[in-house]
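The values are calculated or read from the model by the stated rules, or taken from the named source; none is laboratory data. Because the structure is a prediction, the values reported are computed rather than measured. Heads up, the Cβs are rebuilt from the backbone with ideal geometry, glycines too, and the neighbour counts pull from every protein chain shown. Areas reflect the complete protein model, heavy atoms only, side chains present, ligands, DNA and RNA absent. Shrake-Rupley method; radii C 1.70, N 1.55, O 1.52, S 1.80 Å.
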Amino acid sequence: MSVKKMLSLLLVFAVTVLSVPLAGITRAFASDLDLLSYRSINENTEIEITDCDVSASGALEIPSTIEGLPVKSIGFAAFRSCASLTGIIIPEGVTNIGEYAFQGCTSLTGITVPAGAECIDRFAFYGCTALNYITLSGGITKIGASAFANTGYYNNTANWQDNVLYIGSYLIRAEADDINGSYTVLTWTSCIADNAFFGCGYLTGITLPAGVV
């Protein structure tokens, strides 16, 4: 075989090998978007994710823009019962995670809520029983009741401090029957979830730090 022919064959082989992963990446992104339903909101200036095919599995990335508009919201029950999803990448720019948005995603193991998020509504991650790793950015001003109830993180007693559950600078829930007398909220707390102290009939006083918004 001539040197020229050998070089030609090597070039064809290299182009073929390099083209496979690039094509795979393109198909993966298209596949993620194909699984999602969405609508335009706020006078057609923003996008809200409204639904995900329950057959979705593995890790899924929500795009930061769709049809040239920024993705700003994950709507009511958008990913509810997507039990085969193990990971979800929420893009920066999303400001609202709606009620029941990820309820029942029982294979989801970790979540990062990025900078810019302002609201995580009630029951947003309820029943995500494998969800053991939760990272919340600063700036969230509302966490709805039971947003993280019955998650792996919530159900792990090692995460509770003196019968109170925190996620970073957010106070999520106090055990109603186990809080007695006066309680001082940790100094770095920035937000207290809705109904966090609901039913705490033995609570006689509470001290809030200056940074709570």
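Kindly indicate the residue of region 190-213 that is under 22 Å from the mean Cα position of the chain (by Cα) and part of a loop (DSSP other than H, G, I, E, B) and also surrounded by the fewest Cβ atoms within 10 Å (Cβ to Cβ) among those meeting that condition.
V213
When region 38-50 is examined, which residues are found to be open to solvent by 70 Å² or more (accessible area, probe 1.4 Å) and within 20 Å of C82 (Cβ to Cβ)?
Y38, R39, listed by residue number.
Hey, among the residues in region 40-52 that are of a type in the set (D, E, K, R) and in contact (Cβ under 8 Å) with a residue 24 or more places away in the chain, which one's farthest from V94 (Cα to Cα)?
D51
Return a yes/no flag: does region 168-189 have any residue that is closer than 17 Å to N96 by Cα, buried (at least 16 other Cβ atoms within 10 Å of the Cβ) and of a type in the set (F, W, Y).
First, the residues of region 168-189 that are closer than 17 Å to N96 by Cα: 170.
Going one step further and asking which of them are buried (at least 16 other Cβ atoms within 10 Å of the Cβ), we end up with 170.
Those still in the list that are of a type in the set (F, W, Y) too: 170.
Yes, because at least one residue in region 168-189 is closer than 17 Å to N96 by Cα, buried (at least 16 other Cβ atoms within 10 Å of the Cβ) and of a type in the set (F, W, Y).
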